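The values are calculated or read from the model by the stated rules, or taken from the named source; none is laboratory data. Not measured: the values here are computed from a predicted model. All Cβ positions, glycine included, derive from the backbone under ideal geometry; neighbour counts span all protein chains shown.
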Amino acid sequence: MEPATPNSKESKRVEDLISLLPVLAVAGVVIFSLAGAAVKVVQEYERGVIFRLGRLVGAKGPGLFFIIPFIDRMVKIDLRTVTLDIPSQEAITRDNVTVRVNAVCYFRVVDPEAAVVRVENYLLATLQIAQTTMRSVLGQSELDELLSKREEINARLQQIIDEQTEPWGIKVSVVEVKDVELPQEMKRAMARQAEAERDKRAKVIHAEGEFLAAQQLSEAANIISSAPSALQLRYLQTLADISSEQTRTIIFPLPMDLISAFVGGRAGDSGAAAVKPVITPKTSPPADPPDQAGPSGPAAAD
């Protein structure tokens, strides 16, 4: 029997290693998979909620941490603010007007453990509670409040939705009503109402102006009545203003006070000559006719 040579020993070792390569490959794959399952990396804006054999362990992160493969399970929760678009909802206001309103809701997860354990899908749940709350609040408000008191309605929506989602670890920061769609008939009615309101305001302002002008004119009349020469000066100033205009015909009212002296003087002079005394002649009463004398007269005596 020949002794084993060094070359034969080395070849046998190589053959053994080659036969172990599949096993080593499988072991390496298993090790790498276990290492990948055990090592977890969570971003700064995320948290990893750990469950061990179905029991809640807690939230970990951010950064690198390890879990037990096939025993622990991790659920990632995003802590950033979520912009939730609430689709258009048709509602009937308290004054029986049908409107369609859409809104936007901003919220974020403040308790990742509650967001995983207490609700199945916090995004869907928040969307549904926002839709129902918006319809309820719109049904309790009138159309004028919906159009003019938008901030109060937004605050009421935010408060109600935040109270409903607080047990889920959700914090609702802002709820804003974006658009209110009205029927065409209601738009025309509102346009007529706005036009009537503007007409009323115009008439009131015009009446106030007339009232103030009347007050000023009354005060001016009182001042002029206390100084009659002021009226003459005003007429002369008006005449000077009219003469500066390039017009062909000027109609200027002449106050009677300016010519009262002349009219009064002429009336005094011509009155004495014009008025003459009328003298009527004095006549005696007519005598009775002779044929009207009675039988008891002088003729009867004869």
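Below is a table of values for the structure above.
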quantity	calculated
So Ser141, is it closer than 30 Å to Glu113 by Cα, outside any helix (DSSP H, G or I), in the same structural domain as Asp95 (by TED's automatic domain parsing) and at pLDDT 85 or above	no
Residue in the range 167-174 that is within 20 Å of the chain's Cα centre (by Cα), over 29 Å from Pro112 (Cβ atoms) and loosely packed, with under 15 Cβ neighbours inside 10 Å present	no
Qualifying residue in the range 97-109 (condition: aromatic (Phe, Trp, Tyr) and not in a strand (DSSP E or B))	no
Count - residues of the range 127-164 that are closer than 14 Å to Val180 by Cα and touching a strand residue (DSSP E or B) at 6+ places or on another chain (Cβ under 8 Å)	10
Enumeration of residues in the range 91-120 that are of a type outside the set (Val, Ile, Thr), in contact (Cβ under 8 Å) with a residue 24 or more places away in the chain and more than 26 Å from Leu56 (Cβ to Cβ)	Ala91, Arg94, Asp95, Arg100, Asn102, Ala103, Cys105, Tyr106
Condition check for Arg47: at pLDDT 90 or above, within 27 Å of Val110 (Cβ to Cβ), surrounded by 13 or more Cβ atoms within 10 Å (Cβ to Cβ) and touching a Gly at 6+ places or on another chain (Cβ under 6 Å)	yes
Yes/no for Phe32 being outside the structural domain of Thr165 (by TED's automatic domain parsing), in contact with a helix residue (DSSP H, G or I) (Cβ under 8 Å, 6 or more places away or on another chain), surrounded by fewer than 15 Cβ atoms within 10 Å (Cβ to Cβ) and not in a strand (DSSP E or B)	no
Count of the range 144-161 residues which are surrounded by 19 or more Cβ atoms within 10 Å (Cβ to Cβ) and either of a type in the set (D, E, K, R) or farther than 18 Å from Val172 by Cα (or both)	1
Count of residues meeting criterion [of a type in the set (A, V, I, L, M), more than 30 Å from Ala114 (Cβ to Cβ) and outside any helix (DSSP H, G or I)] in the range 175-203	2
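Rundown of residues vs (1) more than 60 Å from the chain's Cα centre (by Cα); (2) charged (D, E, K, R); (3) over 30 Å from Val172 (Cβ atoms), yes/no style:
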{"residue": "Ser8", "(1), (2), (3)": "yes, no, yes"}
{"residue": "Phe32", "(1), (2), (3)": "yes, no, yes"}
{"residue": "Phe51", "(1), (2), (3)": "no, no, no"}
{"residue": "Gly54", "(1), (2), (3)": "no, no, yes"}
{"residue": "Phe70", "(1), (2), (3)": "no, no, yes"}
{"residue": "Val75", "(1), (2), (3)": "no, no, no"}
{"residue": "Val82", "(1), (2), (3)": "no, no, no"}
